Every structure is written in structure tokens, then in C-alpha cells.
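Participant: Please see the structure below; I have some questions.
The values are calculated or read from the model by the stated rules, or taken from the named source; none is laboratory data. These numbers come from a predicted model, not from an experiment. Backbone-built Cβ (ideal geometry, glycine too); neighbour counts: all protein chains shown. Surface areas here come from the heavy atoms of the whole protein model, side chains and all, with no ligands, DNA or RNA. Shrake-Rupley method; radii C 1.70, N 1.55, O 1.52, S 1.80 Å.
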Amino acid sequence: GNVMKEIKAEINHSLYYYSSQAMWWGTLGTVRPFPNFNSEKDARDIQTALESKASDVNTLVRILTNRNNAQRQSIAESYHNLTQKVTLCPALKKALSGGLEQLVLGLMMTPSQFDAHRLRQTMEGIGTDEESLLAVLCTKSPHQLKDATIAYKQEFGRYLENDLISETSKDFTKLVLAILKKEELNSKEMVDYQLIDQDVKALNDVVNGKKKDPAPWIQVLTTRDSNHLNRVLSRLEDLRGETVDKTVQSHFSGDLRLGFRTLVGSIPSIPLFLAQRLHSNIKKGSLVQGILISHSEEDLLCVRIEYRKLTNTSLYSTLQKEYKGEMQQALLALCRSEDL
């Protein structure tokens with residue numbers, strides 16, 4: 001009886017943290033610290049794998065996907081000490097190619113470096129991939145976005161904010177910068193019913209008015225926490241008799257519509273939003289690995305649960321079906337296990 005009680009308490013505790021979204025590192029992630037970790041041994045095994053004739057990719061993937069980020073950083077250090085001159089990332093780059101190279105190099109970055117690279121990727125080449133840009137910005141906490149902004153400057157020698165300004169226009173720029181600098185200004189201690197009413201009115205007035213000024217929408221959606229916003233959005237839906245997504249679609253256009261739809265779509269539950277994103281883009285390797293790597297130590301368990309509810313199949317078996325070889329091995333290791 002007592003064991004069951006403890007398990008129940010543990011589950012409730014996790015669910016409480018899931019719902020309040022104040023997740024601490026590692027609880028709802030799939031990649032845990034590897035037990036009996038020995039960075040010198042891993043570095044030697046990696047060196048052997050890299051030196052073997054057709055470089056033993058299987059070993060590289062097995063080691064690096066079964067260690068958490070902090071452990072990978074110390075493997076890189078041990079590898080450098082071991083070889084005296086070679087750093088690990090260039091050596092991996094030489095041994096690998098394509099999507100697998102991208103995945104393994106992503107694993108070797110710190111979480112904030114990885115976020116910075118994901119943001120940069122959405123702006124490289126011709127035109128900006130607004131949807132991916134928004135998806136990264138909307139699924140990271142204010143704290144993570146601050147760290148990513150610093151990492152962006154260190155990695156690329158450019159300012160994230162300036163790049164966002166030059167890649168976007170007008171009201172959409174305002175929205176993107178507001179998401180980048182989002183902060184939760186409402187009181188978290190208690191439900192502020194007065195502010196909820198005020199926010200619902202502000203959002204509703206905009207869509208009822210002649211001039212669709214997006215400023216109040218931007219302000220409300222980027223300066224409140226998700227619990228408050230969930231209440232505001234569900235009130236707005238009751239008031240208008242339609243989903244907020246529908247309201248956004250009929251009253252805004254272009255990038256701004258996409259921006260509000262993404263933001264509104266991610267507010268109720270980031271794991272559900274990510275599960276939907278995986279489901280509709282499962283064949284896009286770089287998008288899939290981006291989500292898996294970025295959320296593997298944070299909330300990927302929750303994403304897996306939502307994916308199972310959404311699609312009736314597990315993320316694990318879907319990846320198994322869609323990918324082959326070492327890429328499959330890597331993605332399954334990050335996903336970690338089956339959800340029956």
C-alpha cells in the first residue's frame with residue numbers, strides 16, 4: 001500500500017509541475033545523466049570509433065545520445081586532453097555528413113547555443129522561415145530566450161534583435177520582438193479576475209473595431225503567464241462563440257496572422273503544440289531533431305504523452321517507421337522509449 005501511495009504522490013508531484021510549467025531540469029525529460037559516467041573512457045571509445053576505417057558511426061551515436069548535455073561537454077574536454085590538439089566537433093564533422101552530422105553537432109552544443117543555432121537557421125538563405133522562427137520563440141521560456149540571445153552573439157558575432165528586425169516587417173517585427181522579450185508581469189500568487197476582464201475586453205475591442213490595431217493583442221499575449229492567458233482566451237471564446245484561432249484567422253492577415261496563431265496555439269500547452277508540430281512535419285528530419293534535442297532534458301516525456309493522445313500511435317514507433325539506420329538509432333535514443 002505504501003509503495004503505491006509513494007508512486008501516486010510522485011506522479012501527482014510531476015503532474016503538478018507539468019501543469020504549472022515551472023519544470024525543473026530533467027524531471028520530464030527523456031535523456032538522463034548516464035550512470036557510472038566516465039568521460040575519459042567515452043573519449044577513448046570515440047577516438048577509436050573515429051580512427052576505424054569507415055569510422056564507426058554506430059558507437060559515436062550510441063555514446064553521445066545516451067549521455068546528457070553536461071556529460072557530453074565533459075567528453076569533449078576529455079577528448080581534447082586525450083588528443084592534445086584535436087577538438088571533438090571538427091573531428092565529428094569530418095566523420096559524418098548530412099542530417100546525422102547536423103544531429104550530432106547539435107548534441108554537442110549547450111542548450112542555449114543550440115537554441116541560437118535553431119533561430120539562426122530560420123533566417124539563413126533566401127527569405128525567413130517565419131513559422132519555424134515563431135515555433136522556437138513560442139516554446140522557450142523568457143529565461144531560455146535571454147540565454148539564447150547571449151549565445152547568438154557569441155556564436156555568430158551578430159545581434160539576434162537586429163537580425164529579427166531586418167528579417168521581418170512592421171507589426172510582425174513588433175510581435176516577434178515582444179515574444180523574444182516576453183515577461184510575465186501579472187501576479188502568479190492569485191487569479192487576477194479584474195485583469196482577466198480587462199484583457200478579454202482589450203482583445204475583443206480590437207476585433208470588433210474598424211481599425212484592427214494589433215498592439216493590445218501583442219501586449220496581452222506577451223506579458224502574462226500561461227495560466228492567466230488560458231483563462232483570458234477561454235473567456236474570449238465563450239464571448240465570441242468561436243475558437244481564438246478562428247478569430248485570429250478572420251481578423252488578421254499575413255505574417256501577423258501566422259504569429260498570433262502560433263502564439264495562441266502554444267499557450268494552452270507547449271508539449272501539445274510540439275506534438276502537433278512533430279505530427280505534421282514528421283518527415284522533416286531537421287525539424288524533428290531540433291525538437292527532440294531541444295526538449296530531451298526538459299519536457300519530451302510530456303510531448304510523447306501528447307503525441308500518443310493526438311495520433312493514437314507512439315512517437316517512438318512513428319520514428320521507427322519513418323527513419324532508418326544511424327539516424328533512426330539517434331532519434332529513438334533521444335525519444336528513449338515506447339508509449340503503449
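Participant: Which one of S39, S78, S97 has the biggest mean-square fluctuation once the chain is modelled by GNM with Cα springs under 10 Å?
Facilitator: S97
Participant: Using θ = phi - 60° and the Karplus curve 6.51 cos²θ - 1.76 cosθ + 1.60, what whole-Hz ³J(HN,Hα) does each residue of region 293-301 get, with Gly and Pro shown as x?
Facilitator: 5, 5, 10, 5, 10, 10, 8, 5, 4
Participant: Express the accessible area of the chain per residue in Å², computed with a 1.4 Å probe while the remaining protein chains stay in the model. Before the final figure, lay out the partial values.
Facilitator: Details: 17280 Å² over 340 residues.
Value returned for the chain: 51 Å² of accessible area per residue.
Participant: Convex hull over the alpha-carbon atoms of region 38-108: what's its volume per residue in Å³? Show your work: numbers first, answer last.
Facilitator: Details: hull volume 5.2 nm³, N = 71.
Normalising the Cα hull of region 38-108 by residue number yields 73 Å³.
Participant: Given a 1.4 Å probe and heavy atoms of the protein chains only, how would you sort K182, K210, K153, largest accessible area at the top? If you can, show how the numbers build up before the last one.
Facilitator: Numbers: K182 35, K210 205, K153 80 Å².
Sorted by accessible area, descending: K210, K153, K182.
Participant: Roughly speaking, to the nearest percent, how much of region 193-267's 1.4 Å accessible area is carbon and sulfur? Mind dumping the intermediate values first?
Facilitator: Numbers: 1700 of 3600 Å².
Of all accessible area on region 193-267, carbon and sulfur atoms account for 47 percent.
Participant: Once region 111-181 is represented by equal point scatterers at the alpha-carbon sites, with solvent omitted, what log10 I(q)/I(0) does the Debye formula produce at q = 0.14, 0.23, 0.27 Å⁻¹?
Facilitator: -0.35, -1.02, -1.46
Participant: When the C-alpha atoms of the chain are aligned to their principal axes, what extent does each axis show, in angstrom, from largest down?
Facilitator: On the principal axes, the chain reaches 69, 60, 36 Å in Cα extent.
Participant: Here is a further query. Only sites in a loop by DSSP and with at most 15 other Cβ atoms within 10 Å count here; which trypsin sites (Lys or Arg not before Pro) in region 39-70 make the cut? Intermediate values should be presented prior to the final figure.
Facilitator: Numbers: sites: K41, R44, K53, R62, R67; in loops: K53, R67.
Those satisfying the criteria are K53.
Participant: Heads up, I need the accessible area for D171: 1.4 angstrom probe, whole protein in place, Å², nearest 10.
Facilitator: 50 Å²
Participant: Still on this structure, please answer the following. Taking the Cα-to-Cβ direction at K212 and at A54 and moving 7 Å from each Cα, how far apart do the two end points lie in nm?
Facilitator: Inter-label distance under the simple model: 5.6 nm.
Participant: Return the carbon/sulfur percentage of the accessible area of region 54-113, one whole number, probe 1.4 Å, all protein chains in place. Display every interim value, and only then the final one.
Facilitator: On the way: 1410 of 2640 Å².
Answer for region 54-113 is 53 percent, counting heavy atoms of protein chains only.
Participant: Moving to a separate point now. Using Cα atoms only, what is the angle between the long axis of helix 142-156 and the major principal axis of the chain, expressed in degrees (0 to 90) to the nearest 10?
Facilitator: 50 degrees
Participant: Can you sort L272, L175 by solvent-accessible area, 1.4 Å probe, largest first?
Facilitator: On the way: L272 55, L175 0 Å².
These residues rank, largest area first, as L272, L175.
Participant: What longest region of the chain stays clear of chymotrypsin sites (Phe, Trp or Tyr not before Pro) that DSSP places outside H, G, I, E and B and that have at most 13 other Cβ atoms within 10 Å?
Facilitator: On the way: sites that count: W24, W25, Y159.
That would be 160-340.
Participant: Do the alpha carbons of any pairs in K181/K246; K85/K283; K170/K201 sit beyond 28 Å of each other, and which pairs?
Facilitator: Details: K181/K246 26 Å; K85/K283 38 Å; K170/K201 25 Å.
Check vs 28 Å cut-off fails for K85/K283.
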